[in-house]
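J.: Please find one structure pasted underneath; my questions will follow.
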2 protein chains.
Amino acid sequence: MNAVNNELQLKAEIAKDAARFMAYLSSEIKNRALENIAVELLNQSSNLLVANKLDYSAAEESGMNTALLDRLLLTEERLKSMARDVKAVASLPDPIGEIIETRTLSNGLVIQKKRVPLGVIGAIYESRPNVTVDISTLCLKAGNTVILRGGKESIHSNRALANLVCEAAVKSGIPDGAVTFIETLDRSIVNQMLKMGSHIDLIVPRGGAGLIKFVKENAVMPVVAGGIGVCHTYVDKDANLDKAVAIAFNAKVQRPTVCNALDSLLVHKDIADAYLPKIATEFARVGVEIHCDAISLSILNQLSGLKLVPAEDDDWGKEFLSLVIAIKVVASLNETLEHISRYGSGHSEAIVTEDSDTAKRFLEEVDAACVYVNASTRFTDGSQFGLGAELGISTQKMHARGPIGLKEITSYKWIIFGNGQIRP
Amino acid sequence: MNAVNNELQLKAEIAKDAARFMAYLSSEIKNRALENIAVELLNQSSNLLVANKLDYSAAEESGMNTALLDRLLLTEERLKSMARDVKAVASLPDPIGEIIETRTLSNGLVIQKKRVPLGVIGAIYESRPNVTVDISTLCLKAGNTVILRGGKESIHSNRALANLVCEAAVKSGIPDGAVTFIETLDRSIVNQMLKMGSHIDLIVPRGGAGLIKFVKENAVMPVVAGGIGVCHTYVDKDANLDKAVAIAFNAKVQRPTVCNALDSLLVHKDIADAYLPKIATEFARVGVEIHCDAISLSILNQLSGLKLVPAEDDDWGKEFLSLVIAIKVVASLNETLEHISRYGSGHSEAIVTEDSDTAKRFLEEVDAACVYVNASTRFTDGSQFGLGAELGISTQKMHARGPIGLKEITSYKWIIFGNGQIRP
């Protein structure tokens with residue numbers, strides 16, 4: 001226990017000190033560090049793959065399932081892709097130092113709101129080793145320091161990647177300790193991190209719902225976490241049918257395992273007879289299982305070749321993360337808004353309609369990070385939005401909502417230029 | 001206990017429902033509500049003063065001290081001042097609906113970041129009844145709903161003011177329940193509010209350090225609270241002496257009981273002999289007690305008529321909130337930066353210097369909500385900054401830093417206009 005405390009305590013102190021210097025480091029040094037990291041990911045690929053092999057073999061022996069094994073695996077190709085991502089972050093504009101606003105008061109004071117780093121970010125993540133590189137490069141670019149705590153399944157890979165990042169960064173002029181990796185595997189270290197409010201300004205958990213819930217409930221400092229995405233698409237009576245088929249199909253099928261994929265399709269009763277057979281036929285092509293309310297079931301039962309299941313209460317508000325969809329026929333836009341308010345998770349919601357008044361009401365009244373008219377919810381993504389890389393998607397309303405890019409891991413300070421002004 | 005739960009639960013449900021409608025209420029309706037509140041504060045002044053008299057008499061009998069009694073007291077003049085403040089909030093621009101940014105992607109999607117209300121704000125406050133009106137009008141203007149929980153000492157005043165606000169608001173078209181006042185006095189209600197994360201989006205505690213600490217430690221939702229202000233002013237070797245005297249005097253003396261008042265004066269050794277006698281003579285004029293480090297004591301001991309006390313360790317980092325100041329002679333800007341990093345509370349820090357490089361370093365390296373060059377820290381204030389009214393001063397880095405005005409009690413959502421776009 002003492003050893004645990006000591007490592008974390010020491011590294012947190014160093015990260016906090018380093019944060020003071022990171023705050024005014026030049027963009028050149030930060031970008032050079034990222035470029036170096038990208039180069040080293042390729043140079044050191046054989047060492048990295050050896051380290052990863054240790055993790056992978058142990059996981060295989062322990063009986064880890066294929067999906068998790070795949071997440072753990074590093075390959076030459078994946079390292080190249082990681083290097084490309086790091087170079088992409090390097091090429092983004094530096095958010096730090098931006099003057100967000102300036103005002104000159106009548107007494108001559110010039111007041112500026114200037115973007116600054118948040119400080120020390122604690123990252124707690126599970127088995128994917130690429131998170132080590134993703135998070136540390138985003139943090140460095142935004143002038144933050146980072147304390148990395150990865151899962152034990154990927155300890156060898158994470159250690160090798162973290163060492164690479166640290167060395168490449170320090171060589172470029174980043175202060176020592178700006179990126180730091182916690183070696184101790186004891187699980188109690190997570191709890192200890194969550195209580196270090198005077199050292200860590202923000203905690204970013206990356207992993208399953210269990211980890212995120214635990215972190216949110218126990219952290220004394222702010223947490224930014226991608227929440228679950230229970231996403232609805234509403235096909236209005238004034239929808240263009242072709243667009244409605246293409247959008248719902250894309251949102252459900254293009255990558256069903258992610259948070260911005262479609263879960264519940266709400267269809268206006270006036271268009272249900274025309275629309276449902278079309279979309280269901282498309283879904284049948286790729287084997288989507290459809291959980292139907294009574295009305296949609298009565299319509300779709302007339303077709304053959306569909307995987308139909310009567311919907312149960314808990315299908316509404318469920319994130320399926322697979323080729324399953326719930327379909328409900330609704331009587332009105334009002335019913336849709338009530339349904340989304342009740343079952344949505346505040347992530348991404350879409351309407352398909354050609355009526356601009358209906359679209360306007362949907363945009364105004366749906367309370368979610370991203371609200372779409374006539375487009376697939378799959379676009380909810382930092383790089384799709386043109387924000388560059390992202391740490392995740394926030395479904396909270398404080399600080400950052402939607403994709404968490406570089407700007408979203410910054411703060412600001414007010415700087416005031418006077419010439420002897422005093423308050424009367 | 002059941003009765004407590006019921007009142008809070010019911011009112012929180014209504015506030016949450018009302019928040020959906022508040023989100024797209026027109027500026028006209030919100031401003032009309034505020035204008036009506038201002039009018040009613042004057043129309044109903046005799047009733048309000050009767051209600052306040054009940055609280056005041058009870059507090060007097062219970063032996064409440066004069067300062068607290070003064071905070072509790074309402075007068076015709078104070079009601080007029082409250083009405084003026086409400087009208088000032090009405091005249092501010094509506095933050096809601098602002099399009100913060102727009103981008104058009106190469107696939108034709110138009111992505112906008114639009115300012116929206118936070119939702120439901122819970123206010124927990126102590127004896128000052130004007131907080132009932134301040135917070136509810138700021139919340140309404142920013143499209144939020146608010147659950148008010150005031151102190152028991154001002155229950156009659158708060159109830160009368162909250163009823164007035166509710167009636168005037170509803171008459172203007174604000175949904176019923178948008179402003180709601182918790183009648184139950186049981187202290188456990190505070191704890192219950194702090195756990196209602198699915199109903200309350202933000203908690204704003206207003207009161208003493210004990211209340212704020214309790215709320216921060218126990219709330220499951222985000223908290224925005226004015227922290228303590230341990231404010232430093234550094235007189236550099238290249239300071240203009242007259243400015244340095246005027247600024248330090250103003251920052252300490254103009255209103256010593258507030259968070260942006262000066263606590264510790266740091267003076268460069270090269271200017272200490274010239275500066276310290278001047279500022280100390282000014283301080284002596286108004287009876288400021290000076291806690292001196294060894295060097296400043298040896299300089300000031302040569303003067304008569306000063307209230308000098310040798311500084312103790314815990315004078316550094318102390319918020320005095322009175323006519324007491326700590327003075328330390330420092331050897332360099334580096335020592336100043338270290339001292340502020342160690343003892344500052346991240347509120348307001350100032351440097352007095354004519355050297356622009358020194359000023360630049362101070363602005364960059366001091367990590368605080370507001371950093372000043374050649375001006376008094378007393379300017380840290382929403383209305384001084386030209387932001388309009390404020391809920392308080394935030395010393396945290398997430399979401400809002402510095403004065404918390406209308407914009408700082410909002411969130412945003414991404415709205416995306418497509419024409420059938422799907423993700424490739």
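Throughout, read-outs are computed from the coordinates displayed, never taken from laboratory work. This structure is a prediction, so every number in the text was calculated from the model and none was measured. Methodologically, a virtual Cβ is constructed for each residue, glycine included, from the backbone with ideal geometry; neighbour enumeration extends over all protein chains shown.
J.: Just counting partner chain Cβ atoms within 10 Å, what average do the residues of peptide A:22-33 show around their Cβ?
T.: 1
J.: So for the protein assembly as shown, considering every pair of alpha-carbon atoms, how many percent are separated by more than 44 Å?
T.: So the portion of pairs separated by more than 44 Å is 35 percent.
J.: Holding the Cα-Cα limit at 29 Å, pick out from A:Lys114/B:Lys243; A:Lys216/B:Lys11; A:Lys141/A:Lys318; B:Lys216/B:Lys307; B:Lys141/B:Lys397; B:Lys114/B:Lys152 the pairs that are longer than that.
T.: Too far apart for the 29 Å limit: A:Lys141/A:Lys318; B:Lys216/B:Lys307; B:Lys114/B:Lys152.
J.: Specify the angular offset, from 0 to 90 degrees and rounded to the nearest 10, of the alpha carbon long axis of helix B:155-171 from the longest principal axis of the alpha carbons in chain B.
T.: Taking the Cα atoms of chain B, the angle to B:155-171 is about 50 degrees.
J.: Another question, then. Mind checking the mean number of beta-carbon atoms from other chains within 10 Å of the Cβ atoms in B:380-392?
T.: Other-chain Cβ atoms within 10 Å of each residue's Cβ, averaged: 2.
J.: Put +1 on the Cβ of every Lys and Arg and -1 on every Asp and Glu Cβ in the range A:231-384; which of A:Ser356, A:Leu241, A:Tyr372 then has its Cα farthest towards the positive end of the dipole?
T.: Farthest along the dipole direction, towards plus: A:Leu241.
J.: Before rounding to the nearest 500, sum -39500 (n - 2.57) across all DSSP H runs of length at least 4 in chain B and divide by the residue total; then give [θ] at 222 nm in deg cm²/dmol.
T.: -13500 deg cm²/dmol
J.: Something else about it: Within the range B:381-420, which residues have the backbone N less than 14 Å from the label spot 7 Å out from B:Asn107 along Cα→beta-carbon, could you tell me?
T.: B:416-420
J.: Still on this model: Taking 0.36 nm per intervening residue step and subtracting the Cα-Cα distance, what contour gain separates A:Asp176 from A:Ser26 on full extension?
T.: That works out to 52.4 nm of additional length.
J.: Using 1/(1 + (r/R0)^6) with R0 = 56 angstrom and r between the beta carbons of A:Asp238 and A:Lys80, what's the FRET efficiency to the nearest 0.05?
T.: Calculated value: 0.75.
J.: For peptide A:114-124, how many partner chain Cβ atoms fall within 10 Å of a residue's Cβ, on average?
T.: So the per-residue partner count for this stretch is 1.
J.: Got a sec? Which residues in the range B:257-291 would a label at B:Asp70 touch, if it sits 7 Å along Cα→Cβ and we count backbone N under 11 Å?
T.: B:257
J.: To continue, here is another question. Given charges of +1 on the Cβ of Lys and Arg and -1 on the Cβ of Asp and Glu, with all other atoms neutral, how large is the dipole of chain B about its Cα centre, in debye to the nearest 20?
T.: Taking the Cα centre of chain B as origin, the dipole is about 1320 debye.
J.: In addition: Would you mind computing, in nm to one decimal, how far apart the modelled labels at B:Ser322 and B:Asn47 are, each placed 7 Å from Cα along Cα→Cβ?
T.: 4.2
J.: Any idea which of A:Ile325, A:Val288, A:Asn130 is furthest toward the positive side of the dipole for chain A, if Lys and Arg beta-carbons carry +1 and Asp and Glu beta-carbons -1?
T.: Going by the charge dipole, the pick is A:Asn130.
J.: Considering only DSSP beta bridges with both partners in the protein assembly as shown, what is the antiparallel share in %, to the nearest 5?
T.: Of all bridge pairs located within the protein assembly as shown, approximately 25 percent are antiparallel.
J.: If you take the alpha carbon radius of gyration of the range B:38-133 and divide it by 2.2 N^0.38 Å, what ratio comes out, to two decimals?
T.: Taking N as the residue count of the range B:38-133, the ratio is 1.71.
J.: For the range B:285-385, what is the charge dipole size about the Cα centre, in debye to the nearest 20, if Lys and Arg each add +1 at the Cβ and Asp and Glu each add -1 at the Cβ?
T.: Dipole size: approximately 400 debye.
J.: How far, in degrees from 0 to 90, does helix A:2-22 lean away from the longest principal axis of the Cα atoms of chain A, to the nearest 10?
T.: 90
J.: Calculate how steeply helix B:269-285 sits against the longest principal axis of the alpha-carbon atoms of chain B, using the helix alpha-carbon long axis, and give the answer as 0 to 90 degrees to the nearest 10.
T.: Once rounded, one gets 70 degrees.
J.: Just report the Cα centroid separation between the range B:126-199 and the range A:236-291, whole Å.
T.: For the range B:126-199 versus the range A:236-291, the Cα centre distance is 44 Å.
J.: To continue, here is another question. What number comes out for the charge environment of A:Leu109, summing +1 per Lys or Arg and -1 per Asp or Glu over other residues with Cβ under 13 Å away?
T.: Here the charged neighbours net out to +2.
J.: What's the magnitude of the charge dipole for the range A:142-222 around its Cα centre, counting Lys and Arg as +1 and Asp and Glu as -1 at the beta-carbon? Answer in Debye, nearest 20.
T.: Around 220 debye, computed over the range A:142-222.
J.: With 13 Å as the cut-off, how large is the P(r) tail for the range B:366-423, expressed as percent of Cα-Cα pairs?
T.: Result: 68 percent of Cα pairs exceed 13 Å.
J.: Follow-up question, since we're still on this one. For B:Ala294, what charge total do you get from the other residues with a beta carbon under 14 Å from its beta carbon, if Lys and Arg give +1 and Asp and Glu give -1?
T.: -2
J.: Under the Kirkwood approximation for Rh and a Cα-based Rg, what ratio Rg/Rh is obtained for the range A:222-328?
T.: When Rh is taken as the Kirkwood radius, the ratio is 0.98.
J.: Another question, then. In chain B, how does Rg compare with the Kirkwood Rh, expressed as the Rg/Rh ratio over alpha carbon atoms?
T.: Taking Rh as the inverse mean 1/r over Cα pairs, Rg/Rh reads 1.03.
J.: Putting +1 on Lys and Arg Cβ atoms and -1 on Asp and Glu Cβ atoms, find which of B:Leu105, B:Leu92, B:Pro256 reaches farthest to the positive end of the dipole of the protein assembly as shown.
T.: Towards the positive end, the residue furthest out is B:Leu105.
J.: Next up: Hey, quick one: spin label on A:Lys152, modelled 7 Å out along Cα-Cβ, who in the range A:104-139 has an amide N within reach, i.e. under 18 Å?
T.: Of the residues in the range A:104-139, A:124-129 have backbone N under 18 Å from the label point off A:Lys152.
J.: What is the sum of charges, Lys and Arg at +1 and Asp and Glu at -1, for the other residues whose Cβ falls under 12 Å from the Cβ of B:Leu211?
T.: +3
J.: Something else: Take every DSSP beta bridge with both residues inside chain B and express the antiparallel ones as a percent of the total, to the nearest 5.
T.: Restricted to chain B, the bridges split so that about 30 percent are antiparallel.
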